[in-house]
Amino acid sequence: LNTDARDAVMKLFDCSYVTVSGFEITAHNGGGIWVDGVTKESKGVRIENCEIYDMGAGGIRIFGGAYGCPETDQTHHISVKDCNISYCGRRYAAGCGILANHTYSCEFSGNEISYLDYSGISVGWVWGYKNSITHDNLICNNHIHHIGMGNLSDMGGIYLLGKQRGTVVSGNLIHDVLCSHYGGWGIYTDEGSSYITIENNIVYNTSSNCYHQHYGMDNVVRNNVFSRAGDALVKCSIQ
């Protein structure tokens, strides 16, 4: 294995229609799996039934070209399903279970993500209301628990950033989110998060709020169960 902490065990760059299934990745100084569009698009990559644990950095990172880039530089239609991601961020504590930057039409479903110092699933990479290529991602039926571990602040079991028209967060079970000083949130729509549907989730045992909207617009939050938060169950804040 490559032991460079800045690297990953498996890198899928400029790939189309590749399936990664049944791998066990463990005890590495860096990340688990990277999917990047570097010189051309990455699309149709499927990561399924993998175990990723005891990692120096994050579990899975997906990265593509930003808004306005040529279609040939875009990363889209990536799926991560039925994976178990745990005990990541041992060297770089801010490692996420799944980090998706500048991606669209992706699906993250049926995963168990646990025992991290930072966010479980993080989608979006544009602050505020600037144009973003991120849209129509599906985050559903994941079990995310024991996040933060009292070591870092400002995180979410599911963290979203920026405009994400058509993105849906549904059917997730999130619990035991514990921050160090502030910001232990179950579902966190951060600055400018807009046009997102958040429904049918269960969130409990959070050190801050079960749901936090840090300014955004036209989000739909319905039919969720929020319980046992350290502060109010729901918080809405503005810039």
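Data table
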| read-out | value |
| --- | --- |
| Pairs where the first residue, in the range 7-21, is modelled with pLDDT of 90 or more and the second is among the polar types (S, T, N, Q) and open to solvent by 30 Å² or more (accessible area, probe 1.4 Å), C-beta under 6 Å, 6+ apart | SER21/ASN49 |
| Subset of the range 48-72 (residues that are farther than 15 Å from SER105 by Cα and not in a loop (DSSP other than H, G, I, E, B)) | GLU48, GLU51, ILE52, TYR53, ASP54, MET55, ILE60, ARG61, THR72 |
| Some residue of the range 129-137 being more than 21 Å from ALA66 (Cβ to Cβ), touching a strand residue (DSSP E or B) at 6+ places or on another chain (Cβ under 6 Å) and part of a strand (DSSP E or B) | no |
| Single residue of the range 219-228 satisfying the filter (assigned to a strand (DSSP E or B) and under 21 Å from the mean Cα position of the chain (by Cα)) that is surrounded by the most Cβ atoms within 10 Å (Cβ to Cβ) | PHE226 |
| Every residue from the range 9-23 that is charged (D, E, K, R) and either part of a loop (DSSP other than H, G, I, E, B) or touching a Gly at 6+ places or on another chain (Cβ under 7 Å) (or both) | ASP14 |
| Residue check for LYS40: among the basic types (Lys, Arg) and over 25 Å from GLY171 (Cα atoms) | yes |
| Count - residues of the range 204-218 that are small (Gly, Ala, Ser) and either closer than 11 Å to GLY128 by Cβ or open to solvent by less than 20 Å² (accessible area, probe 1.4 Å) (or both) | 2 |
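Here is a yes/no grid of residues against (1) open to solvent by 30 Å² or more (accessible area, probe 1.4 Å); (2) touching a Cys at 6+ places or on another chain (Cβ under 9 Å); (3) on the phi > 0 side of the Ramachandran plot:
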residue	(1), (2), (3)
TYR118	yes, yes, no
TRP125	yes, no, no
LEU161	no, no, no
ASN172	no, yes, no
HIS175	no, no, no
SER180	yes, no, no
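The values are calculated or read from the model by the stated rules, or taken from the named source; none is laboratory data. Given the structure is predicted, the values throughout are model-derived calculations rather than measurements. Cβ sites come from the backbone with ideal geometry, for glycine too, and all protein chains shown count toward neighbours. The protein model used for the area step is the full one, side chains on, heavy atoms only, and it has no ligands, DNA or RNA in it. Shrake-Rupley method; radii C 1.70, N 1.55, O 1.52, S 1.80 Å.
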